[in-house]
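A quick write-up on the structure given underneath.
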């Protein structure tokens, strides 16, 4: 397969409610996934179209593969062979039918395989490849079976033949009843949720749909028949219908003389409820989106998206002449469809191209999605397995809606240093139910969507905080992200006053990869409270063990989630609680600081947010702060190596209009270890700070025992100074910082500042709004020589806007510190013209760095991630 | 003999035919063979098609020697001109030889020095010739501006000729001792067949040889009465065994089995009017039949191919294999569900080989080119 990278442009976002998928066992039992033939699955497709493997059959492949729960792929080919392949593409066995196979096989609950052949034989094969039974449909000269059988949970199956009959076959292979429906039935029977069976054919010059009720006393007598005049008696009905159970209707499409038609039929009455005329004929089977949208291809080469009212929302023109195959929809609403030239397209739910890849011949089938993998058959005789390396990470806390006179909003920032790719987003409430976070122009709210992300591109998505035309109750949950390997991102949670729109507080939620063991700082000093968000990102339910260690390293309490909440943390579920809610002992014992350790049998993602309300503030609620405390990974290594990390920005002091304080928090998950904290000014000279309980010092040394929490806090007194801190330790010591900013003795905000190690190549987000929002960087030259540093500013579309090289006299001396806003680094550039983008940094010396975004009116600071990658490397 | 033949007689005739065919299929030996070129071509884009054909002609040894200074008759396939879409797609796309393929081929003939090029088809329309071709989707102005030596002829009946021309089939004719044709098929130096790759409801496949079915005049082969203004097709005679105004049937006991008659008529015609060059349009086509009238058994295919060869049996054999069939398949098996195998019958008369192993394929291999055509229904 020739892989052609997407050429699409940046998109929008999309939104709709899809059932929570979690990680459901992969299984595709028949054409278009289910008895209703929705063409929709909860599985996700590849973010990029890399070929994992391909298998070449002896003959062309016109049907779609099906996949058993053990991963076995069944592939039927026109050479008359049914192939069983393992998940790696290796053949397990073949079964030879009487003639070519054009129908997509179907699986029953026991894994038996059903399919028809060109000679009119209907086969049932065991999962080991042995024949259960094969029957020849008895009537007629021309008896070929082209359509996929329908196998219901009862074990009965339904299959149509070109002899014009629909057959009901019991599990033993006996024909239970038959009904002459006429035409040359070529579309697959479908079923509704009650097991009623629907079949379509060409009746004289009509599109005919017949409903059968297998449980009735006269199962072979149609409950109703629906006819729609096509005006011609020559265009066979090839398209299979789809049942929309939530709207009690069935969609069916066909070709007329010079155009196409899509009808919606009430499945109770058989009455037409909708008719949409399309410019050209339809052979493609419709797929049904999670919001009721209908996707279908046409011989005019367009994939159409219609809403349930029949309005065409968009169409996408493929490069091949026609679309003869059928679309497939993944768990984030992406649509996959092939064209008559053999190119498969991945589209976002608003019709934007995500990627394309070319096979060597026409695609007549429907792509199949299973567990991050896409199976595609082509008339070039091949089955392709497409899968691509991707990153999966989580934002363990997102929120949207109104609470207490304010709106909570979630902003996502993503950038891509790698090849063109996409970002797939899914939002879940704590219960693991879908969380509709964004709305589309046509008013629908979506809990899943994807967006293309080209090389170097940066995007920002922000939830609205309200529903279209209606207030929104606060919803809280998490976001699951799947993207190309070099995609990075962050979330910024903002609370705004509803009446003024002013920011109450902001904080970032870093991208988090799940782990089974980690710890979190808990800070309750000065009236602060620390909240904890946990989500079960694994495939199984879990009961995480939570243990609280006080600042001396003593276990205060330990209990499981089930002991706290009364239930397990089910897969996909999310738990958000204040530490004091998890451990009431904190309140009774007046415990102000400690570490909460988490152990779980299932990968778990987490974040801790520290909330602070300055009681001295004149306006209650307006001066609430939220700062992010990092996840502390489990101790690793033997702790014998010396480690150095930095806090590239610390400050202390007060003046008439400014107050700064910095708190450093450390804990040690390993054996007892020494810790040295040195403070430096911007020239790299020792910086003396007034430290609580320690006095004025430029260096602090301590031995930190296992589990102990050690803190270094500046007093906020004295002249305003700033610089950085260097931490040297040999143990498994981790740390974080909290930066407080105030005016007039009132704390305006606090923000968490993560520790960082030295880097030479990295990038940071550029996010600014004229006179109200700007991005800054703080750097420390941790190398031994003056650092020549090149800053490059790119806009959101990765167009180079400005370059600044600091060399020679401007080179950053060893140990020196630099804190600059982007507008200061790129003094010649118009930063207002770059509200979103990235700044890449290249240095010949290692640098420690943090990035922040400062908002004016009111003043707020939020930390942005440092991305250890850059697209221009 | 009329069509009021008894069922017994009918069966007897069919049996004779079938037995004869089986014995003939087994014949082999040094049959004529000639290379066949296959090229990938996914679009009806003039430059692309022309470049593909140019390469293919080179692979076949060039066409200069064939057409330079010659009169070239180009038999295309617009199935008489029943302009009915297939699944809403125009017949130009799905049924007829696409004009771009014809234009590209004629352009190359012209560049190779052809003196006159006449595009021929039996159009059922009684309109003026050029208007009839225009109605079939051919833009005559584009043709004129590209190929100055181009002419158009409706060969349905006598046309511009003063009389029909009789072409002897030769020894061991299947159905007819000779074939009457429009003069254009005789007053020419080079005969080119440019069909669309399709299934045929009766013959299984319709390719370069079957395309010449349309060289037989309606006036003589649609009924027992010579009607020069006839616009009827030839099914009553060539399919069903009705008497023809042309006469000349050789069978002592007439067959009324279309599956017997159609392939044999094709071979007789091709023997009477040999094809010098075959170019098969398989960029886009239909399967299951040869036109919209085949109804529900049809579908759309997009093989994205051009196939050409000097020997029509070899060319059709390669095409048949590309379509996913065994070129030596017996009647009753796909694609010859309803008829004897035209290829085998042609081979049996020494027109060319239908053994793939005896045919050199140049350009794309058959395996790489293969695109399965779903045959029409069994009758």
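The values are calculated or read from the model by the stated rules, or taken from the named source; none is laboratory data. This is a predicted model, so every value here is computed, not measured. Cβ sites come from the backbone with ideal geometry, for glycine too, and all protein chains shown count toward neighbours.
Could you tell me whether region B:260-269 includes any residue that is at pLDDT below 95 and either closer than 24 Å to residue B:127 by Cβ or crowded, with 23+ Cβ neighbours inside 10 Å (or both)?
Checked region B:260-269: no residue is at pLDDT below 95 and either closer than 24 Å to residue B:127 by Cβ or crowded, with 23+ Cβ neighbours inside 10 Å (or both).
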Residue within region B:19-33 that is touching a helix residue (DSSP H, G or I) at 6+ places or on another chain (Cβ under 9 Å), modelled with pLDDT of 90 or more, surrounded by fewer than 16 Cβ atoms within 10 Å (Cβ to Cβ) and within 30 Å of residue B:293 (Cα to Cα) present: no
Whichever residue in region A:55-70 is more than 14 Å from chain B (Cβ to nearest Cβ) and at pLDDT 95 or above and, among such residues, is surrounded by the fewest Cβ atoms within 10 Å (Cβ to Cβ): A:68
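Limited to region B:357-379, what total is found for residues that are within 14 Å of another protein chain (Cβ to nearest Cβ) and assigned to a loop (DSSP other than H, G, I, E, B)? Walk me through it before giving the result.
The initial filter retains those residues of region B:357-379 that are within 14 Å of another protein chain (Cβ to nearest Cβ), namely B:364-379.
In the following step, the residues that additionally are assigned to a loop (DSSP other than H, G, I, E, B) were identified as B:364-365, B:370-379.
Matching residues across region B:357-379 total 12.
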Which listed residue, of A:91, A:138, A:105, is more than 37 Å from the chain's Cα centre (by Cα) and within 28 Å of residue B:326 (Cβ to Cβ): A:138
Test for residue A:308: is it away from every other protein chain (no Cβ under 14 Å), touching a residue at least 24 places away in the same chain (Cβ under 8 Å), surrounded by fewer than 21 Cβ atoms within 10 Å (Cβ to Cβ) and touching a helix residue (DSSP H, G or I) at 6+ places or on another chain (Cβ under 8 Å): yes
Yes/no for residue A:152 being within 22 Å of residue A:239 (Cβ to Cβ), surrounded by fewer than 24 Cβ atoms within 10 Å (Cβ to Cβ), in contact (Cβ under 8 Å) with a residue 24 or more places away in the chain and within 14 Å of another protein chain (Cβ to nearest Cβ): no
Leading residue by the ranking (nearest to residue A:365 (Cα to Cα)) among those in region A:78-116 that are in contact with a strand residue (DSSP E or B) (Cβ under 7 Å, 6 or more places away or on another chain) and within 14 Å of chain B (Cβ to nearest Cβ): A:103
Out of A:435, A:449, A:440, A:412, sole residue that is modelled with pLDDT of 85 or more, in contact with a strand residue (DSSP E or B) (Cβ under 7 Å, 6 or more places away or on another chain) and farther than 18 Å from residue A:765 by Cα: A:449
Filter pass, residue A:160 being away from every other protein chain (no Cβ under 14 Å) and either touching a residue at least 12 places away in the same chain (Cβ under 8 Å) or surrounded by fewer than 23 Cβ atoms within 10 Å (Cβ to Cβ) (or both): no
Subset tally (residues that are away from chain A (no Cβ under 14 Å) and over 15 Å from residue B:262 (Cβ atoms)) for region B:325-356: 13
Subset of region B:154-191 [in a strand (DSSP E or B), over 18 Å from residue B:245 (Cβ atoms) and free of Cβ contacts under 8 Å to residues at least 40 places away in the same chain]: B:154
Qualifying strands (runs of 3 or more DSSP E) (wholly inside region A:87-136; at least 2 residues being in contact (Cβ under 8 Å) with a residue 40 or more places away in the chain): A:113-116, A:121-125, A:131-136
Sole residue being within 14 Å of another protein chain (Cβ to nearest Cβ), in contact with a strand residue (DSSP E or B) (Cβ under 8 Å, 6 or more places away or on another chain) and surrounded by 24 or more Cβ atoms within 10 Å (Cβ to Cβ), chosen from B:322, B:318: B:322
Within region A:190-206, considering residues that are at pLDDT 95 or above and assigned to a strand (DSSP E or B), the one nearest to the other protein chains (Cβ to nearest Cβ): A:201
Residue in region A:221-233 that is touching a strand residue (DSSP E or B) at 6+ places or on another chain (Cβ under 6 Å), under 19 Å from residue A:284 (Cβ atoms) and within 14 Å of chain B (Cβ to nearest Cβ) present: yes
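Being in contact with a strand residue (DSSP E or B) (Cβ under 8 Å, 6 or more places away or on another chain), part of a loop (DSSP other than H, G, I, E, B), modelled with pLDDT of 90 or more and surrounded by fewer than 20 Cβ atoms within 10 Å (Cβ to Cβ), is that true of even one residue in region A:38-54? If you could, list the steps in order and put the result at the bottom.
Taking region A:38-54 as the starting set, the residues that turn out to be in contact with a strand residue (DSSP E or B) (Cβ under 8 Å, 6 or more places away or on another chain) are A:38-41, A:43-54.
Then drop every residue that is not part of a loop (DSSP other than H, G, I, E, B), which leaves A:38-39, A:41, A:43-50.
After this cut, where a residue has to be modelled with pLDDT of 90 or more as well, the list is A:38-39, A:41, A:43-50.
Add one more test, that the residue is surrounded by fewer than 20 Cβ atoms within 10 Å (Cβ to Cβ), and what stays is A:50.
Scanning region A:38-54, I find at least one residue that is in contact with a strand residue (DSSP E or B) (Cβ under 8 Å, 6 or more places away or on another chain), part of a loop (DSSP other than H, G, I, E, B), modelled with pLDDT of 90 or more and surrounded by fewer than 20 Cβ atoms within 10 Å (Cβ to Cβ), so the answer is yes.
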Identity of the residue in region B:292-315, within 14 Å of another protein chain (Cβ to nearest Cβ) and within 23 Å of residue B:36 (Cα to Cα), that ends up surrounded by the fewest Cβ atoms within 10 Å (Cβ to Cβ): B:304
Pick from region A:464-479, criterion surrounded by fewer than 23 Cβ atoms within 10 Å (Cβ to Cβ) and part of a strand (DSSP E or B), ranking: modelled with the lowest pLDDT: A:467
Residues of region B:325-360 satisfying the condition of being surrounded by 22 or more Cβ atoms within 10 Å (Cβ to Cβ) and within 28 Å of residue B:58 (Cα to Cα): B:325, B:327, B:343, B:346, B:347, B:351, B:352, B:353, B:354, B:359
Condition broken by residue A:407, with the remaining ones in (1) surrounded by 22 or more Cβ atoms within 10 Å (Cβ to Cβ); (2) assigned to a strand (DSSP E or B); (3) within 22 Å of the chain's Cα centre (by Cα) satisfied: (3)
Candidates B:265, B:236 - the one that is in a helix (DSSP H, G or I), away from chain A (no Cβ under 14 Å) and without any contact (Cβ under 8 Å) to a residue 40 or more places away in the chain: B:236
Residues of region B:50-88 satisfying the condition of being at pLDDT 95 or above, touching a strand residue (DSSP E or B) at 6+ places or on another chain (Cβ under 6 Å) and assigned to a strand (DSSP E or B): B:71, B:72, B:73, B:74, B:75, B:76
Test result for residue B:110, at pLDDT 95 or above and surrounded by fewer than 20 Cβ atoms within 10 Å (Cβ to Cβ): yes
Residue match in region A:487-503 (condition: touching a helix residue (DSSP H, G or I) at 6+ places or on another chain (Cβ under 8 Å) and not in a loop (DSSP other than H, G, I, E, B)): no
